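Since the structure comes first, as structure tokens, the remarks are kept for the end.
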Amino acid sequence: MKSRTFPLSLLLCGLLCQSAWAAQVLSNPDQATVNRLGLVFERVQPVAATNGTTVSARVMSSPLQPDAVVTRFSGVVEEWRVAPGEQVEAGAILGLLRSSEVLSLQQQWLQANAALQQASAARTRDQQLLNDGVIAAQRMQQTERDYQAARAAADALSEQMTLAGIDAQMRASFTSSSPELGLYILRAPVAGVVGRVQAIVGEAVNTAQRVVELSAARLWIEADLPAMLATALEEDQSLSVAGIDTPLILRQLDHQLDPRTQTLRIRAEFAGEAALRPGQIVPLLLRPNGGGWRIPADAVVHNGGSTEVFVRGANGIESRTLNLLPLGADYLAREGVNGDEQVIVRGAALLKGMTLGLGGE
């Protein structure tokens with residue numbers, strides 16, 4: 001008597017068990033069935049340190065401090081005291097400019113400082129006269145107002161002198177015959193490395209011109225990411241650049257999409273020195289924060305807006321709908337699978353079609 005055979009698709013449909021999370025497909029299939037369907041399995045692996053998505057990022061100076069020396073006054077470059085690649089401390093003298101604007105400022109400060117000294121002496125004198133009953137209180141009040149006005153004028157010009165590179169220590173001995181007259185002293189606003197000198201000796205520079213590029217002691221990177229990639233990141237998590245041992249710490253993550261590119265910008269800071277230069281393009285590895293399970297791309301079947309995988313466990317093969325995040329060429333599952341299970345990496349689409357009655361033997 002000839003035995004009857006049933007299409008495998010009908011067998012699969014008969015075994016299909018619907019649920020909100022998983023559906024049974026095959027209950028402990030034998031090796032012959034596995035071979036006939038051409039199924040290939042791969043054990044679920046936890047996310048490793050090298051797993052992630054690689055994107056292009058640009059090396060930059062710290063966005064939290066100035067990345068250049070910008071002139072406050074116009075002048076002519078007289079001397080440079082640093083060269084590209086040199087590390088400098090905050091306040092270090094970078095160069096000198098000869099400036100008529102600074103000369104006028106210095107002369108005004110000398111006059112204001114002399115007026116302040118005169119007002120201070122008058123204040124001391126009148127205070128003593130008031131105490132002795134020689135002058136009226138009204139005169140002392142006027143003397144005090146004159147002193148406060150002179151002090152305010154001198155303080156304002158002192159701030160301008162600081163911008164010209166002449167600090168309080170230099171001002172203490174500054175006179176009309178000081179060698180610094182007419183010199184604009186360019187100082188490093190922060191500690192860092194000189195990246196580029198933008199003007200040559202003898203060149204005239206204008207106000208608000210960038211004349212020295214500075215790189216911070218610790219470099220940063222920035223990248224624009226699709227929203228789907230950025231949602232898996234959290235501030236203060238660790239990232240890395242291929243070929244660089246120094247880790248990165250994610251410091252800034254935009255929470256508003258760029259309307260033109262539909263991307264989010266991230267910025268990360270190197271935890272130490274890195275042999276890179278500002279402006280350099282590097283491969284940034286985005287690793288998921290908090291771990292999870294790596295799901296090979298070949299194991300994923302897309303069904304409308306959902307993503308399914310076929311999992312082989314102790315009870316057979318079942319279809320599971322998982323929430324997956326991009327992980328380079330693969331995907332990340334936070335839950336729904338474990339390391340004791342296998343996923344089908346070849347034949348998943350066939351199984352899906354057969355469960356839907358689209359084909360079979």
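Observations on the model:
- Consider the stretch 9-44 and keep the residues that are within 52 Å of the chain's Cα centre (by Cα) and of a type in the set (Gly, Ala, Ser). The one that is modelled with the highest pLDDT is 38.
- On inspection, residue 224 qualifies as surrounded by fewer than 20 Cβ atoms within 10 Å (Cβ to Cβ) and within 30 Å of residue 51 (Cβ to Cβ).
- Checking the stretch 207-214 against the condition returns no match, with no residue being buried (at least 18 other Cβ atoms within 10 Å of the Cβ), part of a helix (DSSP H, G or I) and not hydrophobic (A, V, I, L, M, F, W, C).
- Members of the stretch 292-335 found to be part of a strand (DSSP E or B), small (Gly, Ala, Ser) and more than 17 Å from residue 40 (Cβ to Cβ), listed by number: 306, 333
- For the stretch 61-79, the set of residues classified as of a type outside the set (Val, Ile, Thr), outside any loop (DSSP other than H, G, I, E, B) and either surrounded by 18 or more Cβ atoms within 10 Å (Cβ to Cβ) or touching a helix residue (DSSP H, G or I) at 6+ places or on another chain (Cβ under 7 Å) (or both) consists of 75 only.
- If you filter the stretch 287-305 down to residues that are modelled with pLDDT of 85 or more and farther than 16 Å from residue 339 by Cα, you find that the one that is nearest to the chain's Cα centre (by Cα) is 297.
- Residues of the stretch 319-361 that turn out to be farther than 30 Å from residue 239 by Cβ, aliphatic (A, V, I, L, M) and modelled with pLDDT of 85 or more, as a count: 1
- Restricting the first member to the stretch 133-161 and to residues that are in contact (Cβ under 8 Å) with a residue 12 or more places away in the chain, and the second to residues that are among the small types (Gly, Ala, Ser) and assigned to a helix (DSSP H, G or I), the beta-carbon pairs closer than 6 Å and six or more apart or on different chains are 143/122; 146/119; 147/119; 150/115; 150/119; 153/112; 154/112; 157/112.
- Any hit, the stretch 111-120, residues being of a type outside the set (A, V, I, L, M), out of contact with any helix residue (DSSP H, G or I) (no Cβ under 8 Å at 6 or more places or on another chain) and within 30 Å of residue 202 (Cα to Cα): no
- Close Cβ contacts (under 7 Å, 6 or more residues apart or on different chains) running from residues in the stretch 239-262 that are farther than 22 Å from residue 61 by Cα to residues that are at pLDDT below 90 comprise 257/227; 262/227.
The values are calculated or read from the model by the stated rules, or taken from the named source; none is laboratory data. For clarity, every value in this text was computed on a predicted model and none was experimentally measured. No Cβ is skipped: glycine too gets one built from the backbone with ideal geometry, and neighbour counts run over all protein chains shown.
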